[in-house]
1. Which residue, of A:Leu82, A:Leu91, A:Leu144, A:Leu133, is touching a residue at least 60 places away in the same chain (Cβ under 8 Å), within 18 Å of the chain's Cα centre (by Cα) and either more than 30 Å from B:Phe160 (Cβ to Cβ) or away from every other protein chain (no Cβ under 14 Å) (or both)?
2. Answer yes or no: is there a residue in segment B:172-180 that is surrounded by fewer than 21 Cβ atoms within 10 Å (Cβ to Cβ), over 20 Å from B:Arg198 (Cα atoms) and within 9 Å of chain A (Cβ to nearest Cβ).
3. Any idea which residue in segment B:85-109 is nearest to A:Tyr37 (Cα to Cα), counting only those that are among the charged types (D, E, K, R) and within 7 Å of another protein chain (Cβ to nearest Cβ)?
4. Quick test for you: out of B:Lys187, B:Lys183, B:Lys239, B:Lys235, pick the one residue that is assigned to a helix (DSSP H, G or I), crowded, with 16+ Cβ neighbours inside 10 Å and basic (Lys, Arg).
5. Name the single residue that is modelled with the highest pLDDT among those in segment A:56-107 being assigned to a helix (DSSP H, G or I) and among the charged types (D, E, K, R).
6. Out of B:Ile143, B:Ile134, B:Ile112, report the one residue that is touching a Lys or Arg at 6+ places or on another chain (Cβ under 8 Å), modelled with pLDDT of 90 or more and farther than 30 Å from B:Val13 by Cβ.
7. I'd like to check something: does segment B:125-145 contain any residue that is among the polar types (S, T, N, Q), outside any helix (DSSP H, G or I), more than 9 Å from every other protein chain (Cβ to nearest Cβ) and touching a residue at least 12 places away in the same chain (Cβ under 8 Å)?
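The values are calculated or read from the model by the stated rules, or taken from the named source; none is laboratory data. If you're wondering where the values come from, they're calculated on a predicted model, not measured in any experiment. Cβ atoms come from the backbone with ideal geometry, glycine included; neighbour counts cover every protein chain shown.
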Amino acid sequence: MFVLHCGSSAMRYLSKSLRHFYQLLISMTSKELRARYKHTFFGFFWLLVNPLLQMSVMAFVFRFFIKEEIIHYPYLLFLGLLIWNFFSLSLSKATPSIVYERALIKKARFPREVIPLSIVLSNFINTGLALGLLFIPVLFLGTLQISSFFYLLVALLLLFLLTSGLSLLTSALNVMFRDINFFVQAFLIVWFYATPIVYPLSFVPNQYQWLWFFNPLTSILQLAQYACLHTPLPNWQTFTSNLAVIVLVATLGILVFKKQATKFDDWL
Amino acid sequence: MSKKDSVISLRGVSKKYLLYHEKPTLVENFLRISKRIKKEQFTALDKIDLDIKRGERLGIIGANGSGKTTLLKIIAGITTPDAGQVEIKARVISLIDLTAGFHPELTGEENIYLNALLLGMSREEVDQKLEAIINFAGLKQFIDTAMFTYSNGMVLRLGFAIAIHAQPEILLLDEGLSIGDEKFRKKANLALIKLFKRKNFTVIIVSHIKEMIQENCKRVLYLKTGKIYQDGGLKIAQKYFK
């Protein structure tokens, strides 16, 4: 129990601390961004090279296995990989972040959430820029509509919510159980294949489709792909169950983090 | 002393640490092997009641493991007690780890903003004090270069400069604070003394050094195995350090 008085009303204190949280988050995020690109010549360019390489290899290899022609397959792959890379990179960097920043935790009292969230946010900004570049060739495909932006916005919002919630959860738990990091790494490999990135969901036989209800990335991906390339939208069962998982994960992440944060110092 | 005019008030504050001989893992927790891991409890603080008035200068003494640092951490808000109530009514700055929170790739100025925000300052506050911080640290010509080019002493100086410009009303000092070269140490000491002399400025010092306590404190708290053993004037320190 920690009571703070700042000589002002509770509301003013709340708005002041929210403002401070926001300023601190921005500052930490810009630290992440600057630190990453200060010594690379092309900087941001590397962010595109990675999915481009992955896409080229996959588009080449999977052509042998996938018998039906999938229209815009390289675009679908690239979009899927951008989203996946954001998710997996954020999660694997945020999970050990509290442990890495132990000196900070032991130095001062500040909202600990900014440590994992600044990692997610800086990756999010990068991904947004890369998506912007992807739009240039997509414009020529003629698949974009005005409503595209709405669907893309929903997809990105859900993606951010899911990644932030999960990062809060794993980073908090990793302080106490250091093997969480290994679980995350192992799980990400499975998760990649459990997400319709290299294959469309329609390739999955009907009796197994329910399995994808539990993978919230399914709807996020399908929404983004619909927005950019006009592939089918997720059906309502997939969407509602995915949404439920996202809300659940985000809530759990926030609650667990809040509870664990008071004890971080004891475990570091 | 009543609770009303105290700037820090602790009521029945206890803190226990579990001493694991190994860090627990999730796998063990699930497989229930965890019972085999020996757990020992260590009581760092045991039902502490403490009121510190605005403007008081408190020295905390006691043997290693008597709970001094835990008490300081609880007042700084770095950790929370298992039981009891903590009330802090002013901005606390601790001079514990001056160099934490700096990033070597960022410039001095960028680091000032980051570090000051971590200490609880707002952006606007830093805008106002930026000049003063840079001047105090004596880093005018280096402020736009990346921090990895700084010497250790320069980093410490900057850390100290930010901390004392954060307008603390309560300052926490842990022993063994190193602040750089002799010239800057004098400057830092003068700045601290100036702060100490400010009206209503509260200082809490944890130290094993007799002079540090005797010169800077008026009230002494003697901790023994997580309990307040003695609480009173400098006489306690004189006896303790004999």
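1. Details: A:Leu82 fails: touching a residue at least 60 places away in the same chain (Cβ under 8 Å); A:Leu144 fails: within 18 Å of the chain's Cα centre (by Cα); A:Leu133 fails: within 18 Å of the chain's Cα centre (by Cα).
Checking each option against the conditions leaves just A:Leu91.
2. no
3. We begin by selecting, within segment B:85-109, every residue among the charged types (D, E, K, R); these are B:87, B:89, B:91, B:97, B:105, B:109.
Subsequent filtering for residues that are within 7 Å of another protein chain (Cβ to nearest Cβ) retains B:87, B:89, B:97, B:105.
On the way: B:Glu87: 43, B:Lys89: 41, B:Asp97: 28, B:Glu105: 10 Å.
Across segment B:85-109, the extreme among qualifying residues is B:Glu105.
4. Numbers: B:Lys183 fails: crowded, with 16+ Cβ neighbours inside 10 Å; B:Lys239 fails: crowded, with 16+ Cβ neighbours inside 10 Å; B:Lys235 fails: crowded, with 16+ Cβ neighbours inside 10 Å.
Testing whether each residue is assigned to a helix (DSSP H, G or I), crowded, with 16+ Cβ neighbours inside 10 Å and basic (Lys, Arg) leaves just B:Lys187.
5. Among residues in segment A:56-107 that are assigned to a helix (DSSP H, G or I) and among the charged types (D, E, K, R), the one modelled with the highest pLDDT is A:Lys93.
6. Numbers: B:Ile143 fails: touching a Lys or Arg at 6+ places or on another chain (Cβ under 8 Å); B:Ile112 fails: touching a Lys or Arg at 6+ places or on another chain (Cβ under 8 Å).
Only one candidate qualifies: B:Ile134.
7. Narrowing segment B:125-145 to residues among the polar types (S, T, N, Q): B:128, B:135, B:141, B:145.
Right, trim to outside any helix (DSSP H, G or I) and you get B:145.
Now restrict to residues that are more than 9 Å from every other protein chain (Cβ to nearest Cβ): B:145.
Next, from what is left, pick out any that are touching a residue at least 12 places away in the same chain (Cβ under 8 Å): B:145.
Yes: segment B:125-145 contains one or more residues that are among the polar types (S, T, N, Q), outside any helix (DSSP H, G or I), more than 9 Å from every other protein chain (Cβ to nearest Cβ) and touching a residue at least 12 places away in the same chain (Cβ under 8 Å).
Residue-wise test of (1) farther than 30 Å from A:Lys106 by Cβ; (2) modelled with pLDDT of 95 or more.
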residue	(1), (2)
A:Met176	no, no
A:Phe183	no, no
A:Pro200	yes, no
A:Val204	yes, no
A:Trp210	yes, no
A:Thr231	yes, no
A:Gln237	yes, no
A:Val249	no, yes
A:Leu252	no, yes
